[in-house]
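**Q** First, the structure itself, so that you have it in front of you.
The values are calculated or read from the model by the stated rules, or taken from the named source; none is laboratory data. Just so it is clear, the model here is predicted, and its values are computed rather than measured. Glycine gets a Cβ as well: all are built from the backbone with ideal geometry, and neighbour counts include every protein chain shown. Heavy atoms of the whole protein, side chains included, go into the accessibility calculation; ligands, DNA and RNA do not. Shrake-Rupley method; radii C 1.70, N 1.55, O 1.52, S 1.80 Å.
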Amino acid sequence: MWPSTRFTDLVGTDLPLIQAPMIGPKPALARQASAVGALGSLGCASMTPDQVRAEAAALRQVTDRPFNLNFFAHVPDPEDPARAADWKARLAPYYAEFGLDPAAPIAVTNRAPFDAVMCAVVEEVRPRVVSFHFGLPPAPLLARVKAAGAVVLASATTVEEALWLEANGADAVIAQGAEAGGHRGIFLGDDPARQIGTFALVPQIADAVGVPVIAAGAIADGRGIAAAFALGADAVQIGTAFLLTPEAGLSAPYRAALASAPSDATALTNVFTGRPARGILNRLMREQGPLSATVPPFPTAAPPLGPLKAAAEAQGSGDFTALWSGQAGRLAREMPVADLVARLVAETQATISRFRTS
């Protein structure tokens, strides 16, 4: 039924569907996605090496099917103490509102780029797929990843980025449209206002590169999947549609925000981490952004928000939670991963069949 098998032939999955790597959902989401024939993905940028090992082992206890380890490949910005101090000062009224001590120690957020330590973990774990966001790691590390037998995927937000990824060793390109939830994969520019929508981006990238193309952004049902294939995609990557599954294990405020959000609920923001990402508008985004030129560089904006997130969620509020969501959030459905994947496949088949017979 699939118009292209280039992706499934490349990675060995039953289905040309990738469960997007996301920081926030529980690893059980990736386990179940792989178990039912999609490519389950673990967002490893927030994990320690031991956590990556443990989660890969836990996944293999559930299924022997392929899975994906995802890492960040950004070049860290220099620290900016003045902006960091200003950010803490801007957050101080919120701390006072919740009775929090702004001088108390704060947990450091692990968002380090892929390095030799994580590369050694990849060589040990030997996943079928390794994907990168914000470009690719240095060539020597990428060569080691490939030598470990991994297929390399990476995100592009423009045709220029896709061409760069292909030229520098990516085996397939994820065409991430502006509608997608979470962090923009942008790495050859810094202007989120110039980002391209999924269904304008996919055919342009498909025309420009020779490697398989994976469509990502606002694809949440069979209609979107069929449309992506019609535009030249060889697979689709889906994130937001999986967030209401029980396996995702989101907090109650996050689930409530997804379930009740209007169609225009999302915006690009940098106030949670320092890099542009799409999420549901909440209090912090409205009062401090959504985009702010004075937020500290990625990822140093995030740690001071941790205590506020915990305090607000304890009161049932997502005002200080990064509610990452794509623009098709209203299409997300509350059902187990296995049921959702089966529904997506059936809807796609029905859509493709309808157009073939019309």
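**Q** Hey, any idea what the orientation-averaged projected area of the convex hull of region 214-303's Cα atoms comes to, in nm²? Write out the running numbers ahead of the final one.
**A** Details: hull surface 29.8 nm².
Projected over every direction and averaged, the Cα hull of region 214-303 covers 7.5 nm².
**Q** Convert 20 °C to kelvin, take the viscosity as 1.002 mPa s, use the Kirkwood radius over C-alpha pairs of region 89-182 as Rh, and evaluate the Stokes-Einstein diffusion coefficient in µm²/s, rounded to a whole number. Show your work: numbers first, answer last.
**A** On the way: Rh = 16.0 Å.
For these conditions, the coefficient is 134 µm²/s.
**Q** Counting only heavy atoms of protein chains, what accessible area per residue, in Å², does region 197-237 have with a probe of 1.4 Å? Walk me through the numbers before you get to the answer.
**A** Details: 1120 Å² over 41 residues.
Here the residues of region 197-237 average 27 Å² of exposed surface.
**Q** Determine ³J(HN,Hα), in whole Hz, for all residues of region 91-100 in sequence, where each value follows from phi through the Karplus function 6.51 cos²θ - 1.76 cosθ + 1.60 and θ = phi - 60°; x replaces Gly and Pro.
**A** 8, 4, x, 5, 4, 5, 4, 9, x, 9
**Q** On to the next question. When the chain is modelled as a GNM with alpha-carbon springs shorter than 10 Å, which of E97, E124, E179 fluctuates the most?
**A** Residue with maximal mean-square fluctuation among E97, E124, E179: E97.
**Q** Any idea what the dipole of region 284-358 comes to, in debye rounded to 20, about its Cα centre with Lys/Arg Cβ at +1 and Asp/Glu Cβ at -1? Walk me through the intermediate numbers first.
**A** Values: 7 positive and 6 negative charges, 77 e Å.
Roughly 360 debye for region 284-358.
**Q** May I pose another question? Taking 8 Å as the Cα distance limit and 6 or more residues as the minimum spacing, I'd like the relative contact order of the chain as a percentage. Intermediate results must be reported in sequence, preceding the final value.
**A** Working: 739 pairs, mean separation 66.8, N = 358.
Result for the chain is 19 percent.
**Q** In percent, how large is the relative contact order of region 270-358, given Cα pairs closer than 8 Å and 6 or more residues apart? List each step's numbers first, then the result.
**A** Details: 72 pairs, mean separation 26.1, N = 89.
Dividing the mean separation by the residue count of region 270-358 yields 29 percent.
**Q** Please tell me the relative contact order of region 254-314 in percent, rounded to the nearest whole number, where contacts are Cα pairs under 8 Å and at least six residues apart. Could you put the intermediate results ahead of the total?
**A** Details: 69 pairs, mean separation 18.6, N = 61.
Value for region 254-314: 31 percent.
**Q** Antiparallel versus total DSSP beta bridges in the chain: what percent is that, nearest 5?
**A** On the way: 7 of 35 bridges.
The antiparallel fraction comes to roughly 20 percent.
**Q** In addition: Show me, for region 68-77, the HN-Hα J-couplings you get by feeding each phi into the Karplus relation (A = 6.51, B = -1.76, C = 1.60, θ = phi - 60°), rounded to Hz, glycine and proline as x.
**A** 10, 9, 10, 9, 8, 10, 6, 8, x, 7
**Q** Name the residue from C44, V117, Q288 whose Cα lies farthest towards the positive end of the charge dipole of the chain, charges +1 on Cβ of Lys and Arg and -1 on Cβ of Asp and Glu.
**A** My answer, from the dipole projection, is C44.
**Q** If each of S292 and A230 carries a label point 7 Å out from its Cα toward its Cβ, how far apart are those two points in nm?
**A** Label at S292, label at A230, 4.3 nm between them.
**Q** Which of rounded, prolate, oblate describes region 1-77, given a ≥ b ≥ c as roots of the alpha-carbon gyration tensor eigenvalues and a/c under 1.5 marking rounded, otherwise prolate only if a/b is larger than b/c? Please list the in-between numbers first.
**A** Details: a/c = 2.33, a/b = 1.43, b/c = 1.64.
It comes out oblate by the Cα gyration axes.
**Q** Please work out the C-alpha center-to-center distance from region 21-92 to region 285-358 and express it in whole Å.
**A** Region 21-92 and region 285-358 have Cα centres spaced 15 Å from each other.
**Q** Considering the options P138, Q195, G326, tell which one lies farthest towards the positive end of the dipole of the chain, charges being +1 on Lys and Arg and -1 on Asp and Glu at the Cβ, about the Cα centre.
**A** Highest projection toward the positive end goes to G326.
**Q** Also: Hey, any idea what % of the chain's accessible area is carbon plus sulfur with a 1.4 Å probe? Intermediate values should be presented prior to the final figure.
**A** Working: 7760 of 14410 Å².
Taking all protein chains in place, the chain shows 54 percent carbon and sulfur surface.
**Q** Let me ask something else. So what's the convex hull volume per residue for the Cα atoms of region 137-178, in Å³? Present the calculation step by step, with values, prior to reporting the outcome.
**A** Values: hull volume 2.5 nm³, N = 42.
Measuring per residue, one finds 60 Å³ for the Cα hull of region 137-178.
**Q** Give me the accessible area per residue for region 19-63, probe 1.4 Å, as a whole number in Å². Intermediate values should be presented prior to the final figure.
**A** Values: 1620 Å² over 45 residues.
With the other protein chains kept in place, region 19-63 gives 36 Å² per residue.
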